[in-house]
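First comes the structure, then the notes that go with it.
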Amino acid sequence: MKDYSLKINGHSYKVQIDDTNETPTVTHVIVNGVDYEVEIEGTKSSTVSKPQVAPAPASANSNSVTPAAAVSSHASSAAPTSGYSVKSPLPGTVLDVKVTVGATVAKGQTLLVLEAMKMENSIDADRNGVVKQICVQQGATVMEGDTLLVIE
């Protein structure tokens, strides 16, 4: 297994690539602790010099969500609209989104729950407003500084 540090769209990822299996078109890749089985496109089953990581399907996670999809899939597939962006204070996994678009929120209200280092962290509103956009979904992997949602 080989370890790599990749920086994609300004976000850092720790990637471990397993040796390819008996059919060298499939390998296991671990991105920020999440295991993926990756099919290597454009290779012949007889020889492989270096595995190429294919992006995860969009259904696996929205742009925040799965680092492998972070060639897209980092914290949000859509750019945040105008308003106040609530950012992730640390890298982790979104366990629960407690609000919906259009919901009125009060300062101190829990917006979502983020798991980081085996601990649940409540992300609370630091102002009153209306949820304009939710940039992540349950199960998404986010990095520190990723936009989680937008409040107006």
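For residues that are farther than 18 Å from residue 12 by Cα and surrounded by 14 or more Cβ atoms within 10 Å (Cβ to Cβ), scanning just region 70-93, find the one that is modelled with the lowest pLDDT. Filtering first and then ranking leaves 80.
A single member of 96, 146 is surrounded by fewer than 19 Cβ atoms within 10 Å (Cβ to Cβ), out of contact with any helix residue (DSSP H, G or I) (no Cβ under 8 Å at 6 or more places or on another chain), outside the structural domain of residue 10 (by TED's automatic domain parsing) and under 30 Å from residue 35 (Cβ atoms), and it is 96. Of all residues in region 105-129, those that are surrounded by fewer than 11 Cβ atoms within 10 Å (Cβ to Cβ) and either in contact (Cβ under 8 Å) with a residue 40 or more places away in the chain or not in a loop (DSSP other than H, G, I, E, B) (or both) total 1.
The values are calculated or read from the model by the stated rules, or taken from the named source; none is laboratory data. The structure displayed is predicted, hence computed values, not measured ones. No Cβ is skipped: glycine too gets one built from the backbone with ideal geometry, and neighbour counts run over all protein chains shown.
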